[in-house]
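> Below is the structure I would like to discuss, written out as structure tokens.
The values are calculated or read from the model by the stated rules, or taken from the named source; none is laboratory data. None of the values given here were measured: they were computed from a predicted structure. When we count neighbours, we look across all protein chains shown, and the Cβ atoms used for this are built from the backbone with ideal geometry, even at glycine. Accessible surface areas use protein heavy atoms only, side chains included; no ligands, DNA or RNA. Shrake-Rupley method; radii C 1.70, N 1.55, O 1.52, S 1.80 Å.
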Amino acid sequence: MTDDDHSLNGSPLSFPHDRDPGRPSAEARWTTRPETAADIAAVHAVNAAAFPTEAEAGLVDALREDPSAWLPGLSYVAEAPDGTLAACALLTRCLVGGVPALALAPVATAPAYQRRGAGQAVVRALLDAARLRGESLVLVLGHPEYYPKFGFVPASRYGIRPGFEVPDEAMMALVLDGSAAVAQGTIEYPAAFGV
């Protein structure tokens, strides 16, 4: 599957963070933390640089303005040793069959830090933050070679499906709380996703 095999919000999806195999180099130690107001411009810049268009950067900006989607504390960044932002990842509220869940998108790694573990570090920290908040389910549309390292499996295994056509293996789910019943049904994304 290539990045152009499916699209969201009318543009081809690309996953530059997926090229990060999760092997930090000896010189890279990633500090991860929630985004602050001072990071907004840098988060926009990382997303704009990581993807072929600024669509994902605009998506983050639009999600930040949607109080039904934006969850304070669930936008994370990874800092490079020099303090610059190396990667960022975002979880926003979505619904599965009317039940609250989370959508992981976008995840971006600045080109200078790709293949050095920044993307993996920020995703792991963000998923841990969601667990601590008591969230139970995260969905991601991404490369099936990348996300299983975090525990994601095809969402169809749980009876979860998107409202648009994508390869089954690209729509994935991660159950964060195994004691809770997993919602089933169609995923309802925030309006900013355009689907």
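> Run ALA78 past the list (1) over 21 Å from VAL195 (Cβ atoms); (2) open to solvent by 40 Å² or more (accessible area, probe 1.4 Å) and report the number of the one that doesn't hold.
Among (1) over 21 Å from VAL195 (Cβ atoms); (2) open to solvent by 40 Å² or more (accessible area, probe 1.4 Å), ALA78 violates only (2).
> Here is a list of conditions, (1) part of a loop (DSSP other than H, G, I, E, B); (2) buried (at least 23 other Cβ atoms within 10 Å of the Cβ), and ARG115 meets all of them except one; can you say which number that is?
Only one criterion in (1) part of a loop (DSSP other than H, G, I, E, B); (2) buried (at least 23 other Cβ atoms within 10 Å of the Cβ) is unmet by ARG115, namely (2).
> Continuing with this model, one more query. Could you list all residues from segment 67-86 that are at pLDDT 95 or above and in contact with an Asp or Glu (Cβ under 8 Å, 6 or more places away or on another chain)?
Of everything in segment 67-86, those that are at pLDDT 95 or above and in contact with an Asp or Glu (Cβ under 8 Å, 6 or more places away or on another chain) turn out to be SER75, TYR76, VAL77, LEU85, ALA86.
> Please work out which one of (1) touching a residue at least 24 places away in the same chain (Cβ under 8 Å); (2) in contact with a helix residue (DSSP H, G or I) (Cβ under 7 Å, 6 or more places away or on another chain); (3) surrounded by fewer than 21 Cβ atoms within 10 Å (Cβ to Cβ); (4) not charged (D, E, K, R) is the condition LEU85 fails and give its number.
(3)
> Moving on. Any chance segment 57-79 includes a residue that's without any contact (Cβ under 8 Å) to a residue 60 or more places away in the chain, over 30 Å from GLY185 (Cα atoms) and not aliphatic (A, V, I, L, M)?
The answer is yes, given that some residue of segment 57-79 is without any contact (Cβ under 8 Å) to a residue 60 or more places away in the chain, over 30 Å from GLY185 (Cα atoms) and not aliphatic (A, V, I, L, M).
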